[in-house]
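Colleague: Would you mind keeping the following structure in view while I ask a few things?
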Amino acid sequence: MNTDLKKHWDSAYGTNDITKLGWYEASPEPSLQLINDCKLPKDARILNVGTGTSTLIDELLNLDYKNVIASDISGAALEKLQNRLGSNKNEVQWVEDDLTNPTILSRIDPIDLWHDRAVLHFFTEKKDQNAYFSLLKKLVKLHGFVLISTFNTDGALKCSGLDVHRYNKNMLLDKLGEDFKLVEDFNYSYTMPSGDTRPYIYTKFKRIN
């Protein structure tokens, strides 16, 4: 476990109003639309990496998805989300783990959908990026989907005080390799709680091999 990153994110979630955080979404509409377009059955295994306190988990439960897995390196973030969900937290599988050095995620059953909003760009070292994509490729089933939304190449250089690595669709295609087909991509301007905007790229891939 990267203790420095864990400490950073525990502090970010533990000491701040989550609705004021720079990546907070009251309603994760772009992600929900991409998930809807995947036409998954309600018992599909959906892994949300870097969950934080994302309202996406609430929405997936509201849509009656039965196998939602919420993962984050920050126990403080997951605890806040669990508290918000109340008894509904029992409908979610919780995994506190490090995507770049996984000890639990590497042992879970294969998944139908990998969803990442605003996590990948924090991995600036190639070894961490390689670990991320290695885990993804290990877990995603044949014909499963990968949804990655990350800072676009003209996006911010930092987030939450940390350096970021920005992407375009070709960079993500290169990382995923020939086993994945790009199904959809679009640029998206996210408005932060502060009113500032952040350019993202949203992508949907399907595993074909």
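Colleague: Do we have any residue at all in segment 31-40 that's part of a helix (DSSP H, G or I), surrounded by fewer than 16 Cβ atoms within 10 Å (Cβ to Cβ), more than 14 Å from the chain's Cα centre (by Cα) and of a type in the set (Asp, Glu)?
Modeller: yes
Colleague: Any idea which of (1) of a type in the set (D, E, K, R); (2) more than 18 Å from the chain's Cα centre (by Cα); (3) within 25 Å of residue 122 (Cα to Cα) is the one residue 6 doesn't satisfy?
Modeller: (2)
Colleague: Considering only residues of segment 183-202 that are in contact with a Lys or Arg (Cβ under 6 Å, 6 or more places away or on another chain) and in a strand (DSSP E or B), which is surrounded by the most Cβ atoms within 10 Å (Cβ to Cβ)?
Modeller: Looking at the filtered set, the residue picked out is 190.
Colleague: For segment 70-91, give me each residue that is surrounded by 15 or more Cβ atoms within 10 Å (Cβ to Cβ) and either without any contact (Cβ under 8 Å) to a residue 12 or more places away in the chain or in a loop (DSSP other than H, G, I, E, B) (or both).
Modeller: The answer is 73, 74, 79, 89.
Colleague: Next question, about the same structure. I'm checking my understanding of the structure. Among residues of segment 26-48 that are of a type outside the set (Gly, Ala, Ser) and in contact with a helix residue (DSSP H, G or I) (Cβ under 8 Å, 6 or more places away or on another chain), which one is farthest from residue 150 (Cα to Cα)?
Modeller: Only one residue tops the list, namely 46.
Colleague: So how many residues does segment 5-46 have that are under 27 Å from residue 161 (Cβ atoms) and not charged (D, E, K, R)?
Modeller: Residues flagged as under 27 Å from residue 161 (Cβ atoms) and not charged (D, E, K, R) within segment 5-46 amount to 20.
Colleague: Another question, then. Restricting the search to segment 139-167, which residues are over 30 Å from residue 109 (Cα atoms) and of a type in the set (S, T, N, Q)?
Modeller: 152, 153, 160, listed by residue number.
Where a number appears in this text, it was derived from the coordinates with a stated rule and is not lab data. This is a predicted model, so every value here is computed, not measured. All Cβ positions, glycine included, derive from the backbone under ideal geometry; neighbour counts span all protein chains shown.
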